[in-house]
Structure formats: C-alpha cells, structure tokens
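Throughout, read-outs are computed from the coordinates displayed, never taken from laboratory work. Since we're looking at a predicted model, the values are computed, not measured. With ideal geometry, Cβ positions are generated from the backbone for all residues, glycine too; neighbour counts draw on all protein chains shown.
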Amino acid sequence: MKRREMLKNAAVAALGAAIPWRQIAPGPEARQRRVLFFTRSAGFEHDVIRRTGSAWSPAEKAFEEIGRRAGFMVECSKDGRIFDGSLDAYDAFAFYTSGDLTQSGGDGSPAMTPEGKSRLLAAVEGGKGFLGFHSAADTFHSPAAGEGSEAKLDPYIAMLGGEFLAHGKEQEASLLLTTTQFAGIADLGLAEGLAFTDEWFTFTNYAADLSVLLVQETAMMKGEAYRRPDYPATWTRLHGKGRVFYTSLGHRGDIWENPFFQAIARGALEWISGQADAGIRPNMNEVTPQARQTKRN
C-alpha cells in the first residue's frame, strides 16, 4: 500500500479516537485572550480570504471558530493602518497575507505603513505570538532571493523563519510528523503523518533555529518545484521573547474545514500564546538535513 494511502487510512482511524478539545481552566483574574487575524493581500488574493461584501471570508469564519475553542476573541482585519495604533490589546497575530504589505494595490485595502511593520515585529520580539498561514511566507520578500542571502533577509522573513520560493499544481502529498508532543499535533493520535490535497509551497532562506513539526515528503510529488529533498513545511521558532508558528497549509477551502488542520491551528494558538508548552529545539539538520538544497542530487 502506498504511503499516502496508509497515512489517509491512519488519519480516518485516528479521527474517531482523537483526544477531545482541551478545556482551558481560567484563573480567578483571567481575561479572554485576543488575536488579530490579518488577511491583506498586496499580491495574489487567495479565495479563502476573499470577502463578499461585508461578510467574513471562509478562512476568517473558520479561524474565528478555532479561536473561540482555544479561548480567544478573534478580530479580523485587512486594514494595514491597524498596526499604527496600540497593539497592547492583542496577545497574538495571525497572518494570511501576500506581497509587500506597505504597498498599495492588491485587494484594495489600506496599506501597512513602514512604521506599522516595525511595530508588529517589535511586538513579536517583545513577547507577542505570531501564527502564519500559507502565503504568510509569500509576504515581504527579501531583496535577494535564494539560499545564502541571510544577511540581506527582510526582517519579517527573518522573524517567520522561511521564505516562499515556488509551488507546483495542487496535488495530494504526505507530511511526516517529527513529534506527537506538540499542542494540537498531540490530539491527532497519529504515529507517522498526514496526507492532504493542497497547493504546496517550497521555501528558501530557512532560519537555522527552526523546530520542524511537519516535513514535506517530496519523493512522490509531481512537478519541477518538488525535485528537491524533503523540507520543513510546518515549524516553530522563538523570536526574542515571542513565539512564532508557521504552516504552509491553508490554500484550499476544504483544508480550513479539515479537523486535523483545525487541531494544528488550535494547538498553534495555544502554544504561541503560552497556554500550552512544548520543549521545542532546533532540529532541521536532523529531520531535513538536505532541505537547503533546492535540487535533488
């Protein structure tokens, strides 16, 4: 039986035995945590974040429910000017964005100011959480793309831990688990990995301190973009006092409805906000030792 079929069957079996959503017991002075879900597109706008009139997009609706289950109040915005105001009310930021957010165009929403970008990065470094979905890695590209240009990285990319390089056609692919102890992933009950159909990004300019959670298995993938060794697809890292989580998943609308993706997203929220802990450590050289090679030998 092919690996993807095995992972799919394991996922179906695990769904029935998955650990229920964990309830967070608030302390006597606990307040509801707040996350800003920012979905401005200065580049390509994905269907899942496209609004119809004043109604929230599919991803915004799904993330609001994920946040509610994690004890968060979710505020959704496409207005880049929001970062010019006080960010003290937010415990974390979630991005599904694209392009240079300080530039006009794209979906027509107001641009982020350079000062607002600096305020965001300072807030994360100072202890706020950050969660990036899919094209969050296709945001604020570095002046010089390609491995070895770490000194020239855009500061946002340096914070995120990786930069979008390319993608091929949507297809089913396998993601291999490196741990079952991380929040959300611990709820999946899977021993080896997951299989999804999505649009799969490849990356460059990986940070050296990534703690990789899901590895993109490339051997069975179709397309020139994937003729490279296995590479990180979902990871965490510490940025100053802040916690950063990124996953390449989220291009398709059905991904946002998938209970396994929702478990991963909820676990990410719990971890970046300090509600869940995990002994993360840099492991990229162990689990994806050839990830910086963009061509298979």
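Here are some notes:
- Placing unit charges on the Cβ atoms of the charged side chains and taking the dipole of region 32-74 about its Cα centre, the candidate lying farthest along the positive direction among Met73, Phe37, Gly53 is Met73.
- Within-11-Å neighbourhood charge of Phe140 [Cβ basis; K, R +1; D, E -1]: -3
- Antiparallel content of DSSP bridges confined to the chain, in %, to 5: 55 percent
- Charge-dipole axis of the chain as Lys and Arg at +1 and Asp and Glu at -1 on Cβ define it, positive-most pick from Phe83, His141, Met220: Met220
- For His239, net neighbour charge (Lys/Arg +1, Asp/Glu -1) across residues whose Cβ lies under 12 Å away: +2
- J(HN,Hα) series, region 245-258, from Karplus relation 6.51 cos²θ - 1.76 cosθ + 1.60, nearest Hz, glycine and proline x: 10, 9, 9, 6, 5, x, 5, 8, x, 5, 4, 5, 8, 6
- Residues of region 104-145 with amide N under 19 Å of the 7 Å Cα→Cβ point at Arg34: 116-117, 119-131
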